[in-house]
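Everything on this sheet refers to the single structure shown next.
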Amino acid sequence: MSDFAASAVPLTGGYGGQTFAVSAGDEDAVIKFYARDPERAAVDAALLELVRGLLPVPRVLDLKRDGSYDDPPYLLTERLPGINLQVFLESATDEQRRRVGTQLGELLARLSGMPFLKAGMFRDGELTVEPFGSGDLAEYVAGLKLDLGAGFAAVIDEAEDLLADGVSRFCLVHSDFNPKNLLVDPETARITGLIDWEFAHVGSPYADLGNLLRFSEDQILAGAVLDALRGMGLGERLVDLGRAADLWALLDLAERAAEHEVAAAAFVLVSRMADTGTLAGGRPALDVVH
């Protein structure tokens, strides 16, 4: 490592400030330190090996499994080409957004097709799944430090009804599937990377779709995503199902509203959902056949 990391530049993505671009000569890589969650280094390395060849993820170059807070475990991977998709979309043409959306839908379909027997968190490099606790959404909401009012009961009922009628199997969930964690070639609009797997777990086939469309108002991009997903046997009301599956993560984020702007936006959205008594919470209709 001392020969490789001749320079280090902090990278965006996640909120831990633990990821750096490192280089020496003509070699470029990314190193992520795991001071706060040491066991996650082996999990992330195993996940990248699991999906390599199926999803655009970097090669694992080195892994330090053990360490302390002062000398933490780390994962060293190749640095993928491309720019941040969030930046790219700021000036992308309609055709570029359609092309990107189609690819995003294809990636979501591949993730939803990676089955597991039970939902839960990965706990080691063998990808052992530790089941979640209670799956009762109302009980979870009651334990939050959020004053959502009586109107949120209707939101919970809507989400539970949707998911009861949807696909009940479990699959690999990236859990942070949105433009800030995707890379794209700006010349070809080809997706070149899906990065930052620190929240990946086993869960609903709709969860990553819900994450992607959580704050989206881009009907062209969303339409291309949904067109690519139709016919995958996931049901008709894909946007609603995605929002229902995303509700757990959205609430968890909203409870940390003071930490950063994305969490603050989640709190605003959850508040609108409570005010309207709907899962949509005033968000635009995106589930339109193209």
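Some points to look at:
- Paramagnetic reach from Asp124 (point 7 Å along Cα→Cβ, amide N under 16 Å) across the range 27-50: 38-47
- Whole-Å semi-axes of the range 200-290's equivalent ellipsoid (Cα gyration tensor): 23, 15, 12
- Computed over neighbours whose Cβ is under 12 Å from that of Leu286, the net charge equals -1, Lys and Arg +1, Asp and Glu -1.
- Apportionment of accessible area to carbon and sulfur, the range 243-290, percent (1.4 Å): 60 percent
- In the full protein context, the range 27-184 carries 52 Å² of accessible surface per residue, based on a 1.4 Å probe and ignoring ligands, DNA and RNA.
- Evaluated with a Cβ-only charge set (Lys, Arg +1; Asp, Glu -1), the chain carries a dipole of roughly 380 debye about its Cα centre, given to the nearest 20.
- DSSP-loop trypsin sites (Lys or Arg not before Pro) across the range 144-184, with at most 14 other Cβ within 10 angstrom: Lys145, Arg169
- Rg over Rh for the range 240-279 works out to 0.97, both radii taken from alpha-carbon positions and Rh defined as the Kirkwood radius.
- Along the axis of the charge dipole computed for the chain (Cβ charges of +1 for Lys and Arg, -1 for Asp and Glu, origin at the Cα centre), the listed residues Leu104, Val173, Thr188 are led at the positive end by Thr188.
- Only one residue of Ala254, Phe267, Gly242 has its Cα farthest out toward the positive end of the dipole of the range 214-281, where Lys and Arg carry +1 and Asp and Glu -1 on Cβ, and that residue is Gly242.
- Estimated inter-spin distance, Lys145 and Asp66, nm [label 7 Å along Cα→Cβ]: 3.6 nm
- Principal-axis analysis of the Cα atoms of the chain puts helix 238-254 at an angle of about 70° to the longest axis.
- Only one item in [x] 137; [y] 198; [z] 150 matches volume of the Cα convex hull per residue in Å³ derived from the coordinates shown, and that item is [x].
- GluC sites (Glu not before Pro) within the range 101-207: DSSP coil, no more than 14 neighbouring Cβ in 10 Å: Glu126, Glu187
- Computed over the chain, the per-residue total of -39500 (n - 2.57) for DSSP H runs of n ≥ 4 gives a 222 nm mean residue ellipticity of -11500 deg cm²/dmol, rounded to 500.
- Inter-part distance where the range 55-108 and the range 221-290 are each reduced to a Cα centre, Å: 22 Å
- Share of carbon and sulfur in the accessible area of the range 147-236 stands at 51%, probe radius 1.4 Å.
- With all protein chains kept in place, the per residue accessible area of the range 186-235 amounts to 35 square angstrom at a probe of 1.4 angstrom.
The values are calculated or read from the model by the stated rules, or taken from the named source; none is laboratory data. Just so you know, these numbers come straight off a predicted model, no measurement behind them. Cβ sites come from the backbone with ideal geometry, for glycine too, and all protein chains shown count toward neighbours. Protein only, heavy atoms only, side chains kept; ligands, DNA and RNA dropped before computing areas. Shrake-Rupley method; radii C 1.70, N 1.55, O 1.52, S 1.80 Å.
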